[in-house]
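Structure first, then comments.
The values are calculated or read from the model by the stated rules, or taken from the named source; none is laboratory data. Being a predicted model, the structure only gives us computed values, none of them experimental. Don't worry about glycine lacking a Cβ; one is built from the backbone with ideal geometry, like all the others, and counts go over all protein chains shown. With ligands, DNA and RNA removed, areas are computed over all heavy atoms of the protein, side chains included. Shrake-Rupley method; radii C 1.70, N 1.55, O 1.52, S 1.80 Å.
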Amino acid sequence: MCLTCGCSEEDGAVLTDLQTGERFLMHDDHVHPLGAKSTEQGHTHSHGHSHSHDQGHSHSHEHAAGHDHPHTHEHDHDHPHTHDHGHEHTHSHSHDHGPAHSHAPSTLHLQEQILGKNNVLAERNRGWLDGRNILALNLVSSPGAGKTTLLERTIRDLGGELSLTVIEGDQETANDAERIRATGARVVQINTGTGCHLDALMVSRGLKQLDPPANSVVMIENVGNLVCPALFDLGERAKVAIVSVTEGEDKPIKYPHMFRASEVMLLNKIDLLPYVTFDVDRCIAYARQVNPRLRVISISATKGDGLAEWYAWLRAQRG
Amino acid sequence: MHELGITQEIVELAEARADGRRVRKVVVEIGRLSAVLPDAVRFCFEMCAEDTSVAGAELQIIEIPGTAKCRACAGMVALDRPFGRCECGCTDLEWLSGEELRVTQIEVE
C-alpha cells in the first residue's frame, strides 16, 4: 500500500517498462512509481494529477499527517484540464434561480456523453500521434487468437524497414511483453488488474513511457476480449481484429460490435485448416454481414502465409 | 463487464453537474446498438452511487431503438442488433440511431 494516499496495487492498473524495470500504479487522477515492494518506505512519490472539471473551481489535496518516514514528495502541478466534453448543449439550462438556500428540487437538462471523457482523451492521443507521424493500431481478439505471435513475426520481418514499438495489455503478467522484448523491440506492459480492456488514459500513460520515435509504428495489443475493447477509442488509426481457425467461424456475428468497429480482420492459423472444422467462406460472410467494408486477410503468423498482404496494408497506412 | 466503468462515469457526470447538491434522479439514454446492457447498468448503479451525492437517486433508463438507412436504396431499416439487412438485400447500412450513451437529465434538491 502507498503510505501517502493509502491506495493499494489492487486499486489501479499497473504500467511496466520492460527496458528500465520501472513500474507505475495508474489511478484515474494520479500515477505512483512502484518500487520492487510497494509497501517499502523511503520511496519517491510523484503525483501527476489530471483533473477534469466543467467549471473552474479551486481544489486542495490533503494528505494524512504524520509522514515520519523518509520520502520525497513531488507534486506535478501541470494539470491537463479538459474543458471540452465533446457534446452539444442543446437544452443545457438550469431552473434554479436562487442561491443555495432554496430547497425546491430542480431539473437539469443535459447532453453529457457517458464515454465523453475517454473520447476526449483518445482524441488527445490521436493528435499526439499525428503530430509525430506515428501510426498506431489497436489489435483486438479473443485470448489465444495469436496477437502476440503476429507481433513477434511482424517485428522480425519488418524490423529493418519500420520502427515498431508495442504497448501490451493484459489483466496480469508481463509474459507477452517479455516475448516482444525478446525480439529487440521497445515495449511497455499495462496490467489492467480486474479491468477487461485498455482505455485512452492508460494508453496515454503508456505512450508517455514508451516514448515512440517520430515516423514509427505503435502496436497496441489490447486485452484478449471481443466485447469491451470495441467501445473504447484509444486514439488509434484503426482496430485490427484477429480471429483464428481454432475458434468458431461465427465469432464475427457473435461479437458484432468488435467486427463492426474494426477495419481489418486477420484470419489467423490457416495452416491448421486441414485439422479443424472451420468454414472460411462462412466466417468471412458473417464478418461482411456485420461490416460490409471489412478487409479480410487470411494469414498464418507462424508459417508466414498471407503475411505479405498484411505488410502491404500496414505500409499503406503509413501513407 | 464494461458496464461497471460506464456506470461509474454516469455517477461522476451526475455528481459533477449537481455541484454539491443531492441528486434525486438521473435519466440516461442507452441505445439498443450501443453494446451496453441497461440491466447491467441498473445492477451497478446503487453500488457506484454509494458515498456520493447520487446515493439513493432513482435511475431512469430510456432505451433508444436502432434505425439505419440503406446505402444502396436509401430505405429505412429497423435494427434490434448491430447488423441487419435491408429489404433490397443490402447489408451496408448507415446507422441513424441506437448508439446513444448519454446522461440527459438530473434532478437535484
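By the scheme Lys and Arg +1, Asp and Glu -1, what is the net charge of all other residues having a beta-carbon under 14 Å from that of A:Gly248? Provide the component values of the computation, followed by the final result.
On the way: positive: A:Lys251, A:Lys254, A:Lys269, A:Arg282; negative: A:Glu247, A:Glu249, A:Asp250, A:Asp279.
Here the charged neighbours net out to 0.
Counting only other residues whose beta carbon sits under 15 Å from that of A:Phe259, what net charge do I get with K and R as +1, D and E as -1?
+4
How many partner chain Cβ atoms sit within 10 Å of a residue's Cβ in peptide B:100-106, on average, as a whole number? Intermediate results must be reported in sequence, preceding the final value.
Working: counts 2, 6, 8, 8, 6, 7, 6.
That average works out to 6.
Considering segment A:203-257, what Rg and Dmax in Å follow from its alpha-carbon atoms?
In Å, with Rg to one decimal and Dmax whole: 14.0, 39.
How well do other chains shield peptide A:256-263, expressed as the mean number of their Cβ atoms within 10 Å of each residue Cβ?
Working: counts 5, 6, 2, 2, 5, 2, 0, 0.
Averaged over the peptide's residues, the number is 3.
Do any of A:Lys147/A:Lys254; A:Lys269/A:Lys303; A:Lys147/A:Lys269 go past 18 Å between their Cα atoms, and which? Can you show the working numbers first?
Details: A:Lys147/A:Lys254 20 Å; A:Lys269/A:Lys303 8 Å; A:Lys147/A:Lys269 11 Å.
Those over the limit are A:Lys147/A:Lys254.
What do you get for the angle between helix B:38-49 and the principal long axis of chain B? Use alpha-carbon atoms, 0 to 90 degrees, nearest ten.
Between helix and principal axis, roughly 20 degrees.
Classify segment A:271-319 as rounded, prolate or oblate, taking a ≥ b ≥ c as the square roots of the eigenvalues of its Cα gyration tensor: rounded when a/c is under 1.5, otherwise prolate if a/b is larger than b/c and oblate if not.
On the way: a/c = 4.59, a/b = 1.19, b/c = 3.87.
Oblate, since a/c reaches 1.5 and b/c is not below a/b.
Tell me which GluC sites (Glu not before Pro) from segment A:144-212 have a DSSP coil assignment and no more than 11 other beta carbons within 10 Å of their own.
Numbers: sites: A:Glu152, A:Glu161, A:Glu168, A:Glu172, A:Glu178; in loops: A:Glu161, A:Glu172.
Sites meeting the loop and neighbour criteria: A:Glu161, A:Glu172.
Tell me whether segment A:141-198 comes out rounded, prolate or oblate; compute the Cα gyration tensor, take square roots of the eigenvalues as a ≥ b ≥ c, and use a/c under 1.5 as the rounded threshold.
Judged from the Cα gyration tensor, segment A:141-198 comes out prolate (a/c at least 1.5, a/b above b/c).
Report, to the nearest 10°, how far helix B:3-18 tilts away from the longest principal axis of the Cα atoms in chain B, using its own Cα long axis and a range of 0 to 90°.
Once rounded, one gets 60 degrees.
Considering only protein heavy atoms, with the full assembly of protein chains and a 1.4 angstrom probe, order A:Thr149, A:Thr192 by accessible area, largest first. Please report the intermediate quantities before stating the final value.
Values: A:Thr149 45, A:Thr192 10 Å².
Greatest to least solvent exposure: A:Thr149, A:Thr192.
Averaged over peptide B:9-17, how many Cβ atoms belonging to another chain are found within 10 Å of each residue's Cβ?
Numbers: counts 7, 2, 0, 5, 8, 3, 0, 6, 7.
Shielding by partners across B:9-17 averages 4.
Quick check: net charge around A:Gly235, other residues with Cβ under 13 Å of its Cβ, Lys/Arg +1 and Asp/Glu -1? The partial results should precede the final answer.
Details: positive: A:Arg124, A:Arg126, A:Arg132, A:Arg205, A:Lys208, A:Arg237, A:Lys239; negative: A:Glu123, A:Asp130, A:Asp199, A:Asp233, A:Glu236.
Taking every Cβ under 13 Å from that of A:Gly235, the sum is +2.
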